[in-house]
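Engineer: Quick one: the structure is below, and I'll ask about it shortly.
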Amino acid sequence: KNEVEQSPQNLTAQEGEFITINCSYSVGISALHWLQQHPGGGIVSLFMLSSGKKKHGRLIATINIQEKHSSLHITASHPRDSAVYICAVRRGSQGNLIFGKGTKLSVKP
Amino acid sequence: DTGVSQNPRHKITKRGQNVTFRCDPISEHNRLYWYRQTLGQGPEFLTYFQNEAQLEKSRLLSDRFSAERPKGSFSTLEIQRTEQGDSAMYLCASSLGGLSLYGYTFGSGTRLTVV
């Protein structure tokens with residue numbers, strides 16, 4: 001079993017839909033990251049969380065430390081949101097990240 | 001500072017050849033990480049540096065792989081005697097310290113194809 005599990009693996013949505021991507025992890029962490037990866041490989045950091053909730057534009061990320069679970073929500077989805085969304089956790093002061101396999105999101109117009 | 005820069009963007013090499021990739025992190029970042037990502041998978045940790053010291057290496061980093069960060073600035077990742085299984089995207093990232101309050105910045109990656 002992977003230390004970081006994401007669901008769903010693939011997600012297709014219509015433009016305007018509310019989207020939720022889930023991440024569960026099985027190790028103790030100091031922070032959780034949500035990342036966006038477009039075709040071609042570049043990774044953009046969306047959020048870094050250690051507790052609670054963060055919001056940036058149409059994106060909302062939440063984390064429940066006790067349940068070892070995080071969610072990424074996209075409101076009013078748009079075709080330009082189409083990408084792979086990756087959850088990654090950081091353990092203690094090591095600094096390196098353990099990644100989930102990613103969720104491939106496709107938003108249709 | 002334009003972020004984390006990786007060169008080359010793409011590399012095609014014949015099996016058995018040596019290849020070297022370069023990563024230039026954000027200048028004030030003291031930590032530099034290398035990850036490898038194969039198709040359909042999330043990135044996997046290879047190694048990281050704090051300044052010029054290589055602090056951790058993954059078991060994925062076989063003896064054909066070597067990484068350096070000689071002056072605590074840019075880093076190189078060399079793969080000797082490449083194999084087809086080395087084909088992947090090699091990602092570099094940097095951060096200021098290892099504490100959770102500091103975020104990560106990723107480069108665009110070097111895509112290696114071994115033929």
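The values are calculated or read from the model by the stated rules, or taken from the named source; none is laboratory data. In this text, all values refer to a predicted model and were calculated from it rather than measured experimentally. Using ideal geometry, Cβ is built from the backbone for each residue, glycine included, and neighbour counts are taken over all protein chains shown.
Engineer: Just to verify a result, which residue in region B:85-101, among those that are at pLDDT 90 or above and of a type in the set (Ser, Thr, Tyr), is surrounded by the fewest Cβ atoms within 10 Å (Cβ to Cβ)?
Structural biologist: Step one: filter region B:85-101 for residues at pLDDT 90 or above, giving B:85-94.
Next, only the ones that are of a type in the set (Ser, Thr, Tyr) stay: B:87, B:90, B:94.
Details: B:87: 17, B:90: 24, B:94: 24.
Here the residue is B:87.
Engineer: Which strands (runs of 3 or more DSSP E) sit wholly inside region A:6-75 and have at least 3 residues that are away from chain B (no Cβ under 14 Å)? Give the steps one after another, and end with the answer.
Structural biologist: On the way: elements: A:10-14, A:19-25, A:31-37, A:43-49, A:52-56, A:59-64, A:69-74.
In region A:6-75, A:10-14, A:19-25, A:59-64, A:69-74 are the strands (runs of 3 or more DSSP E) which contain 3 or more residues that are away from chain B (no Cβ under 14 Å).
Engineer: Evaluate region A:42-55: report whether one residue or more is out of contact with any helix residue (DSSP H, G or I) (no Cβ under 7 Å at 6 or more places or on another chain), surrounded by 16 or more Cβ atoms within 10 Å (Cβ to Cβ), modelled with pLDDT of 95 or more and of a type in the set (A, V, I, L, M).
Structural biologist: No: zero hits.
Engineer: Residue B:22: in a strand (DSSP E or B), more than 19 Å from residue A:97 (Cα to Cα) and within 10 Å of the chain's Cα centre (by Cα), yes or no?
Structural biologist: Judged against the criteria, residue B:22 is a match.
Engineer: Let me ask something else. If a residue must be buried (at least 16 other Cβ atoms within 10 Å of the Cβ) and facing chain A (nearest Cβ under 10 Å), how many such residues does region B:5-29 contain?
Structural biologist: Going through region B:5-29 one residue at a time, the tally reaches 1.
Engineer: Same structure, new question: So for region A:87-102 (the condition being over 15 Å from residue A:6 (Cβ atoms), within 14 Å of chain B (Cβ to nearest Cβ), surrounded by fewer than 20 Cβ atoms within 10 Å (Cβ to Cβ) and touching a strand residue (DSSP E or B) at 6+ places or on another chain (Cβ under 8 Å)), does at least one residue qualify?
Structural biologist: Of the residues in region A:87-102, the ones over 15 Å from residue A:6 (Cβ atoms) are A:90-96.
Okay, now just the ones that are also within 14 Å of chain B (Cβ to nearest Cβ), so A:90-96.
Next cut, surrounded by fewer than 20 Cβ atoms within 10 Å (Cβ to Cβ) only: A:91-94.
Filter once more, so that each one left must be touching a strand residue (DSSP E or B) at 6+ places or on another chain (Cβ under 8 Å): A:91, A:94.
The answer is yes, given that some residue of region A:87-102 is over 15 Å from residue A:6 (Cβ atoms), within 14 Å of chain B (Cβ to nearest Cβ), surrounded by fewer than 20 Cβ atoms within 10 Å (Cβ to Cβ) and touching a strand residue (DSSP E or B) at 6+ places or on another chain (Cβ under 8 Å).
Engineer: Pick out the one residue from A:36, A:6 that is under 30 Å from residue B:58 (Cβ atoms) and without any contact (Cβ under 8 Å) to a residue 60 or more places away in the chain.
Structural biologist: Values: A:6 fails: without any contact (Cβ under 8 Å) to a residue 60 or more places away in the chain.
Being under 30 Å from residue B:58 (Cβ atoms) and without any contact (Cβ under 8 Å) to a residue 60 or more places away in the chain holds for just one of A:36, A:6, which is A:36.
Engineer: Would a scan of region A:23-30 turn up a residue that is at pLDDT 90 or above and small (Gly, Ala, Ser)?
Structural biologist: For region A:23-30, residues at pLDDT 90 or above and small (Gly, Ala, Ser): present.
Engineer: Please return the ranges of strands (runs of 3 or more DSSP E) entirely within region B:49-99 where 1 or more residues are more than 18 Å from residue B:5 (Cα to Cα), within 13 Å of another protein chain (Cβ to nearest Cβ) and without any contact (Cβ under 8 Å) to a residue 12 or more places away in the chain. Give the derivation first.
Structural biologist: On the way: elements: B:53-57, B:65-68, B:75-79, B:88-95.
Because the criterion is at least 1 residues that are more than 18 Å from residue B:5 (Cα to Cα), within 13 Å of another protein chain (Cβ to nearest Cβ) and without any contact (Cβ under 8 Å) to a residue 12 or more places away in the chain, the strands (runs of 3 or more DSSP E) in region B:49-99 that meet it are B:53-57.
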